[in-house]
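Notes for the one structure printed next.
Any read-out appearing in this document is the output of simple, stated calculations on the displayed coordinates, not a laboratory observation. What you see is a predicted model; the values in this text were computed from it and never measured. Please note: Cβ atoms are built from the backbone with ideal geometry, for glycine as well, and neighbour counts cover all protein chains shown.
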Amino acid sequence: MAYLDTFFKAITDEESFYRPVVAKNDVRVYVDAARTREACKPNDLVRPGTPVNELQRSGSMSQVVILDANWRWTSDQRCQTVQTGPVWVQSDAITKDYPSKN
């Protein structure tokens with residue numbers, strides 16, 4: 001019961017419930033803000049709707065922890081970097097307005 005109470009308390013309002021996600025197509029994942037090296041396989045993309053926790057920004061990039069809720073990086077598509085720590089994505093791809101209310 002305590003677990004459920006904590007869970008429902010954490011999502012009591014829209015601000016708490018709707019977490020930031022990657023909402024654009026063609027978003028690559030990098031190991032650094034300068035985009036010197038992709039974090040996963042070349043041209044590997046984040047699926048739209050993937051939840052992220054933004055840690056910091058640098059220029060047009062955000063350092064994020066990705067919650068692989070869409071099972072993008074499992075089995076054959078495994079990406080150890082995403083599964084073990086923060087990575088960098090373009091900041092303008094992140095929003096709480098997903099799917100768009102407009």
>> Given axes a ≥ b ≥ c from the Cα gyration tensor, I'd like to know whether region 20-102 is rounded (a/c under 1.5), prolate (a/b larger than b/c) or oblate.
In response: oblate
> If each residue's Cβ is checked for other Cβ atoms within 10 Å, how do Ser62, Ser91 rank with the fewest at the top?
Replying inline: Ser91, Ser62
>> Which residues does the label zone of Lys41 cover in region 76-102, counting backbone N under 19 Å from a point 7 Å along Cα→Cβ?
In response: 76-84
>> Based only on other Cβ atoms within 10 Å, what is the fewest-to-most ordering of Lys96, Lys9?
In response: Lys9, Lys96
> Percent relative contact order of the chain, based on C-alpha pairs within less than 8 angstrom and at least six residues apart?
Replying inline: 31
> Can you list the residues, at least 5 places off or on another chain, whose amide H is less than 5 Å from the amide H of Met61, using H built in the peptide plane?
Replying inline: Ser91
